[in-house]
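No lab work stands behind these numbers, since they all come straight from the coordinates. Values in this document were obtained by computation on a predicted structure and should not be read as measured data. Please note: Cβ atoms are built from the backbone with ideal geometry, for glycine as well, and neighbour counts cover all protein chains shown.
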Amino acid sequence: MDDSSVSRRRVLRTAGIGTTVALAGCSGGGDSSSDTGSNDRTESSESTASDEPTETDREITERWAYQTEGGVSSPPTVVDNTAYIGDERGNVYALSASDGTERWIYQQAERETSPPAVANGTVYVGSRDTNVYALSAADGSERWTFQVRGQARTSPEVDEDTVYISSTGSRMYALGASDGSERWTFQNKGELFSPTAVVDNTIYVGGVFGLDGGAVHALSVADGAARWTYETGGAAYAGAVADDTVYVASSDDNIYALSTTDGSEQWAFETRDAVLLSPTVGDNTVYIGSTDGNAHALSADDGSQQWVFETANRVTSSPVVSDGTVYVSSGDRVHALSAADGSERWSYRDEGARLSSPAVVDGTVYVGSSDNNVYALAE
């Protein structure tokens, strides 16, 4: 795979050389059970690694790089030609998405900040220093703060006039977007992770549940009352909601499709290792990465595997889908894969670093790095 990568500050022609792409429905290749997960309702289609690499002639350029004070482990948020980034030192940055020039820096948070959420001219960000911050998107001035129990290290979700954010202190908070006033609090039996978008007056949140399990909760946005709870065998990460289904990943090695009505299981797909990130859904396909080093594409209807792409590292970031391409970070690489068949279009390498989940806007890929940089990449 090294020959198919673009190392930092270099531009190479890329080819999908040395990658392993298994396509649902391909013949040959041996026992698929040793290479892919299985589905509880429908067995995975027989798949095989491609015998010959498919060459893709593309140039990936680094449009700009911006050096931060600390490592960047969370994805940038790009809104109105501005990239908002938090780093491990507690700083929040606003950069021009076009050329990376600095617009402002907020330096009051004392510890690592969450991925920012931006809505109605305000940047909302949580921090491991136990606070939630609301900042002016125009100049970074502080509008309000709210202290949670535990650390507020997950990305906030903003819907209309309410900010939803979870904490390591087993709580999720609904706060007034304008002033940070507390509207309600949901208490869990363990740490909670990032909530989903609000759909039909319901918000979904996953987390740890008890000593060694996990759960996803469907909560009323009116008062935080639980409509239903689905328990998993490990920490649960609620992801996309589409067509009356919420898709959930878990450290018990499974991806679950649950009915939004009552939480009943529609299907489950088992990978070979823990899944520590939220699934992404697009064009009736569920995209997910696993610590087994694979990126998977599953049918949203029944969980059957459409394709799998093998990376060189654990996949611990959520995939992003844009214009027929799936972008996924794995260790020190970002891979761009065909959404149709999982073939690699290009990869970018920041050697020895750890890259965040990417953000993709207007053909540009924005990614943070543990080497204290944010990069903007484009073909």
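Residues 276, 258, 337, ranked from the fewest to the most other C-beta atoms within 10 Å, line up as 276, 258, 337. Summary of the geometry: region 319-379 and region 256-288, compared by the centres of their Cα atoms, lie 22 Å apart. Using Cβ point charges alone (K and R +1, D and E -1), the dipole size of region 267-379 about the Cα centre works out to roughly 260 debye. Sorting 115-121, 175-181 by average packing, meaning the other beta carbons within 10 Å per residue, from highest down gives 115-121, 175-181.
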